[in-house]
Amino acid sequence: MKPLRAFFLASTLALLLPLGASAEEAAAPAGEAAPAVREIEIIVDRGYKPVRIEAVEGERVRLKFVRREYTPCTREVILPSLNIRQELPPNKPVTVDLPPLKSGDVEFMCGMKMFRGTLVVTPRPG
Ligand SMILES: [Cu+2]
């Protein structure tokens, strides 16, 4: 279990590092600019698509849920670890701003916990 986890972490970092480096080079020289918020669209239709999202510790993320179904099951989405509960009217995008993310998994699910998705937050490299 431990070697597997280490391998996963290493491969994730390997993927993220080149991106981080080029983003830093392209960033404006101003030191303390507010971090950009990344909007991620999640389609709600017999589950969440994508069902797994990746982010980096400290990143600002906004989830945009688009519910394309009328079954009462997905009428609301909850993120228990962040104390968020949000109604999702059909065919009406709803955005949910998340606080700065700590590393670890943030689960999102329907009110009855039948459908689930995961926001995987990896530690900031370095
Ligand atoms: Cu449900």
Got a sec? Which strands (runs of 3 or more DSSP E) wholly within the stretch 54-124 have at least 1 residues that are out of contact with any helix residue (DSSP H, G or I) (no Cβ under 6 Å at 6 or more places or on another chain) and basic (Lys, Arg)? 60-67, 84-87, 116-122
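Does the stretch 89-99 contain at least one residue that is within 16 Å of the ligand (Cβ to nearest atom) and hydrophobic (A, V, I, L, M, F, W, C)? It would help to see each step written out before you state the result.
Restricting attention to the stretch 89-99, the residues satisfying the condition of being within 16 Å of the ligand (Cβ to nearest atom) are 89-90.
Filter again for hydrophobic (A, V, I, L, M, F, W, C), leaving none.
Among the residues of the stretch 89-99, not one is within 16 Å of the ligand (Cβ to nearest atom) and hydrophobic (A, V, I, L, M, F, W, C), which makes the answer no.
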Is it fair to say residue 111 is touching a residue at least 40 places away in the same chain (Cβ under 8 Å), within 16 Å of the ligand (Cβ to nearest atom) and surrounded by 12 or more Cβ atoms within 10 Å (Cβ to Cβ)? no
Taking residue 116 as the residue in question, decide whether it is surrounded by fewer than 16 Cβ atoms within 10 Å (Cβ to Cβ), farther than 17 Å from residue 68 by Cβ, within 16 Å of the ligand (Cβ to nearest atom) and touching a residue at least 40 places away in the same chain (Cβ under 8 Å). yes
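The rows are residues; the columns are (1) modelled with pLDDT of 95 or more; (2) among the polar types (S, T, N, Q); (3) more than 10 Å from the chain's Cα centre (by Cα).
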residue: 32; (1), (2), (3): no, no, yes
residue: 38; (1), (2), (3): yes, no, no
residue: 56; (1), (2), (3): yes, no, no
residue: 62; (1), (2), (3): yes, no, no
residue: 66; (1), (2), (3): yes, no, yes
residue: 70; (1), (2), (3): yes, no, yes
residue: 77; (1), (2), (3): yes, no, yes
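The values are calculated or read from the model by the stated rules, or taken from the named source; none is laboratory data. Quick caveat: nothing in here was measured; it's all calculated off a predicted structure. Note: ideal-geometry Cβ built from the backbone for every residue, glycine included; neighbour counts use all protein chains shown.
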